[in-house]
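One structure is given below, encoded as structure tokens.
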Amino acid sequence: MRITAVTCVKNEGPFLLEWIAFHRVIGVTDFLFYHNDCSDRTVELLEALQQQGVVAHLPNPATTRNYQMQALKQAKDHPLICEADWVWVADVDEFLNIHVGDHSIPALIKACGNPQAISVTFQFMANGGIDAFEDVPVISQFTKTHNPDIWCGEAAIEVKSLVRKDFPLGYFGAHRPFHNDKKAQPSWTDGAGRRVPPPFRRLANKRRVRAFPAKGARKFATLNHYALRSLDSYLVKNDRGDVNRENRAFDDTYWRERNDAAFVDDSILRYAAPLRAEMARLMALPGVGPLHQEAVALHRAKRDALLAQESYREMQAKLRISSPYSAAEAALRAELGLT
């Protein structure tokens with residue numbers, strides 16, 4: 001089974017090897033990266049991996065600031081997509097945590113009944129009070145998260161999707177595929193093998209096109225989303241901006257919405273040992289190890305340069321003491337008279 005992962009990156013150098021290694025462990029066979037405006041050895045690291053046959057990479061074709069959608073439009077015709085049995089569209093801070101069988105993507109597909117698409121629900125992993133960037137796997141550092149059934153006062157939570165080659169595809173969206181056949185009724189499940197809700201399946205849907213109710217949707221798989229990582233890395237992310245679209249703010253609101261640490265989910269640590277082994281194997285490939293270390297050093301240097309600015313020192317201090325509740329939850333607590 002050929003499974004191709006496609007993603008867009010900008011200055012993700014320190015995190016590339018973990019994401020690639022993890023996805024190789026769970027069954028991804030091919031990788032297609034699109035990159036733009038990188039200054040942290042991301043492109044050089046991808047090139048070294050491409051020379052070893054591990055990934056393919058291309059400059060982002062965007063002519064506007066809608067980077068991801070233009071890249072996905074081009075990707076549809078790439079040989080790695082056309083020849084794949086399944087396509088997985090995800091970001092480098094997203095990890096598919098599979099709870100069934102041998103914990104691989106083929107096991108998830110089997111558990112879901114081999115549908116034409118599987119949309120797996122996000123679980124946002126909180127910062128958990130971790131300040132310093134460490135060059136160790138992200139999945140081992142961040143295990144605190146929100147109530148799985150509700151996020152920011154919403155019962156519907158966003159998803160990312162696996163797409164089978166015979167899905168009646170119009171185009172890949174960042175979160176789900178869209179079909180262009182009004183009569184099409186693709187077999188399409190959530191991460192528990194249940195049919196996704198009818199409003200989500202429709203060709204045209206202006207509301208909730210990226211989300212559906214999360215309750216019970218993660219029986220077979222969860223999509224762990226490490227949107228914050230360490231505070232150091234969040235500051236660098238804030239400076240970098242959104243890799244997928246322009247004019248998106250990574251501010252204290254974004255932080256608070258994703259920093260709910262009420263629950264613990266460390267089930268993804270089942271992958272820790274094979275992940276370390278695969279990362280070591282990739283690190284030993286010609287040129288890869290030194291480029292990874294350069295990316296790590298540049299990440300720390302960028303943090304230091306940002307913290308030399310008063311505005312970033314203020315941001316760091318503000319985030320350290322920010323409310324553990326999202327704005328929606330804080331408003332509800334105030335209404336109920338809770339402190």
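Structural remarks
- Listed pairs Lys110/Lys237; Lys76/Lys182; Lys10/Lys183; Lys76/Lys219; Lys160/Lys237; Lys160/Lys215 exceeding 28 Å between Cα atoms: Lys110/Lys237; Lys10/Lys183; Lys76/Lys219
- Estimated at 0.36 nm per residue, the fully extended path between Ile321 and Thr253 surpasses their Cα-Cα distance by 23.2 nm.
- Ordering of 106-113, 319-326 by packing is 106-113, 319-326, highest average first (other Cβ atoms within 10 Å, averaged per residue).
- A probe of 1.4 angstrom, applied to the heavy atoms of all protein chains, finds Phe124 with accessible area near 0 square angstrom.
- Fraction of the pair-distance distribution of the range 93-336 above 34 Å, Cα-Cα pairs, percent: 23
- GNM flexibility winner over the chain from Thr29, Thr189, Thr222 (Cα, springs under 10 Å): Thr29
- Residues with amide H under 5 Å from that of Ala227, placed H, sequence gap 5 or more: Met125
- Lys/Arg +1, Asp/Glu -1 at C-beta; the range 123-231 dipole; positive extreme among Thr143, Phe220, Ile130: Phe220
- Approximate spin-label separation Gln74-Gln51, in nm, with each point projected 7 Å along Cα-to-Cβ: 2.3
- Share antiparallel - DSSP beta bridges, the chain, percent rounded to 5: 55
- Relative contact order for the chain: 23 percent, from Cα pairs under 8 Å spaced at least 6 residues apart, divided by residue count.
- Solvent exposure ordering (accessible area, 1.4 Å, most first) of Asp149, Asp37, Asp260: Asp37, Asp149, Asp260
- Label-to-label distance, nm, for residues given as Glu134 and Ala334 (7 Å Cα→Cβ offset): 3.6
- For the range 294-338 and the range 1-47, distance of Cα centres in Å: 27
- For the range 93-336, with +1 on Lys and Arg beta carbons and -1 on Asp and Glu, the positive-most of Pro274, Ala327, Ala156 along the dipole: Ala156
The values are calculated or read from the model by the stated rules, or taken from the named source; none is laboratory data. All values derive from a computational prediction rather than experimental measurement. Ideal geometry is used to build each Cβ from the backbone, glycine not excepted, and the neighbour counts take in all protein chains shown. We work out accessible area using only protein heavy atoms, side chains counted, and drop any ligands, DNA or RNA first. Shrake-Rupley method; radii C 1.70, N 1.55, O 1.52, S 1.80 Å.
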